[in-house]
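The values are calculated or read from the model by the stated rules, or taken from the named source; none is laboratory data. All values derive from a computational prediction rather than experimental measurement. Please note: Cβ atoms are built from the backbone with ideal geometry, for glycine as well, and neighbour counts cover all protein chains shown.
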Amino acid sequence: MTTHSSSIAEDPRVQQAFSYLVETDETTLRTQIELSEIAAPPFHEGKRGLRLARLFHAAGLVDVRSDEAGNVIADRPGASDERALVVSAHLDTVFPEGTDVSVTREGDLLRGPGISDDARGLACMMAVVRALQDSGLRTARPLLFVGTVGEEGMGDLRGVKELFRSGGDGEGASGFISLDGAGLDRIVVHGLGSRRYRITVQGPGGHSWVDWGTANPLHALNRVGGRLTALPLSKEPRATLTLARTGGGTSINAIPQEAWLEVDTRCSESSHLDSLQEQIRSVVDEEVGREPGLRARIEVVGDRPGGETPEEEPLVQAALEATRGRGRMPQLALSSTDANVPMALGIPALTLGCGGDAGLAHTTDEWYRNVNGPDGTIRALHTILLYAGITPAA
């Protein structure tokens, strides 16, 4: 027999676990600071992952391992052979190698690059693990805890894609919870899809005076950019197109031999992204084709699938109940997170904030304030227990 209802919160062992999270909040903050101060730049999350693996071992999780992408994975067996619930937080940050990731603290205010996104999620995940171990709670469903790589930027969700590929550790999971950043009200159940392009134009180049009139890759790209920003975009569902980065050339007095432009498109429906992709290709072909001697290449450098977990799904209902249990009004939200991938595969998935307030994410001035911090860890644990169920006390 397992317990899958709101009576879970009344179980003395669950109350013990909730109390543990309040009493050990300072430990959670220390874990958050420690992990934030281990640099995890894009594609170089290994040192932080190694520390997380050691924390998993110390907490008593079993079969701690890494997969081919670098995800750090550990098991907590359940009482049944039901499919596992995956609980994750991402290891990587947006900050390049060499960034000073030291954290300063003034009372409940922490400052440092990545202190919220996603050192807070990692610390919350560890707090949940420790609370489960301290209380002796055994869930019906097995739990798979994962620190993922590649959630940010050009990482393109590579960690969670590896997790849910055919033969991956997450294949066949019953559900997926991503713990990401701060907050108590939002429950991300709509996955915002994105497709990203690098458009490269090449030509013969030359001297800006002697060879003036030679086909110029940068001129062509400027025309491309102007037309792309004028494309009509869907308002419902909302779609966006952003010219994000550009570059090329070798000198101010030279016609470039190569220039490039990076473009970000976003929408919750893939059909709109498909349409934008065709329009981008058409514009590039037309504008580059106007000047003989130029050639263009369009690369898809990022493809995050969109998706949705319906409100009636038991996992969403668990998160709604757990949020209300903290005295909050839940908000179902749209965002781009690790949950996109399992959503796109039809696996119930969502993303939760982990309490507290935060701001200036993705900047070196990022901050986290530990206001209602324990409520965030309690909400995460409560959601897990409502969905995974618990076995009766011995």
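Scanning segment 348-366 for residues that are among the hydrophobic types (A, V, I, L, M, F, W, C), surrounded by fewer than 24 Cβ atoms within 10 Å (Cβ to Cβ) and in a loop (DSSP other than H, G, I, E, B) yields a total of 2. Here is a list: 299, 311. Which entry is in the same structural domain as residue 203 (by TED's automatic domain parsing) and either at pLDDT 95 or above or assigned to a loop (DSSP other than H, G, I, E, B) (or both)? Only one candidate qualifies: 299.
Scanning segment 367-394 for residues that are in a loop (DSSP other than H, G, I, E, B) and not hydroxyl-bearing (Ser, Thr, Tyr) yields 370, 371, 372, 389, 392, 393, 394.
Conditions tested, residue by residue: (1) in contact (Cβ under 8 Å) with a residue 40 or more places away in the chain; (2) closer than 26 Å to residue 41 by Cβ.
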{"residue": "78", "(1), (2)": "yes, no"}
{"residue": "100", "(1), (2)": "yes, yes"}
{"residue": "107", "(1), (2)": "no, no"}
{"residue": "118", "(1), (2)": "yes, yes"}
{"residue": "130", "(1), (2)": "yes, no"}
{"residue": "135", "(1), (2)": "yes, no"}
{"residue": "148", "(1), (2)": "yes, yes"}
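Taking the conditions exactly as written (more than 23 Å from residue 93 (Cβ to Cβ), β-branched (Val, Ile, Thr), in contact with a strand residue (DSSP E or B) (Cβ under 8 Å, 6 or more places away or on another chain) and surrounded by 24 or more Cβ atoms within 10 Å (Cβ to Cβ)), does residue 146 satisfy them or not? Here the answer is no, as residue 146 does not meet what is asked.
Exactly one residue out of 326, 369, 379 is in contact (Cβ under 8 Å) with a residue 12 or more places away in the chain, crowded, with 20+ Cβ neighbours inside 10 Å and either farther than 27 Å from residue 150 by Cβ or in contact with a Leu (Cβ under 9 Å, 6 or more places away or on another chain) (or both): that is 379. In this structure, residue 156 qualifies as in the same structural domain as residue 34 (by TED's automatic domain parsing) and within 14 Å of the chain's Cα centre (by Cα).
With respect to residue 100, is the statement that it is assigned by TED's automatic domain parsing to the domain that holds residue 340, surrounded by fewer than 19 Cβ atoms within 10 Å (Cβ to Cβ) and either among the basic types (Lys, Arg) or under 29 Å from residue 141 (Cβ atoms) (or both) true? Judged against the criteria, residue 100 is not a match. Tallying residues that are more than 22 Å from the chain's Cα centre (by Cα) and at positive phi within segment 99-125 yields 1.
Among residues of segment 244-258 that are in the same structural domain as residue 212 (by TED's automatic domain parsing) and more than 25 Å from residue 229 (Cβ to Cβ), those with a Cβ under 7 angstrom from a residue that is of a type in the set (Ser, Thr, Tyr) and assigned to a loop (DSSP other than H, G, I, E, B), sequence gap 6+ or separate chain, pair up as 253/208; 254/208.
Residue by residue, here is whether (1) of a type in the set (S, T, N, Q); (2) farther than 20 Å from residue 144 by Cα holds:
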{"site": "295", "(1), (2)": "no, yes"}
{"site": "308", "(1), (2)": "no, yes"}
{"site": "317", "(1), (2)": "yes, yes"}
{"site": "331", "(1), (2)": "yes, yes"}
{"site": "348", "(1), (2)": "no, no"}
{"site": "351", "(1), (2)": "yes, no"}
{"site": "362", "(1), (2)": "no, yes"}
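Listed conditions (1) surrounded by fewer than 23 Cβ atoms within 10 Å (Cβ to Cβ); (2) within 23 Å of residue 266 (Cα to Cα); (3) polar (S, T, N, Q) are all met by residue 178, apart from (1).
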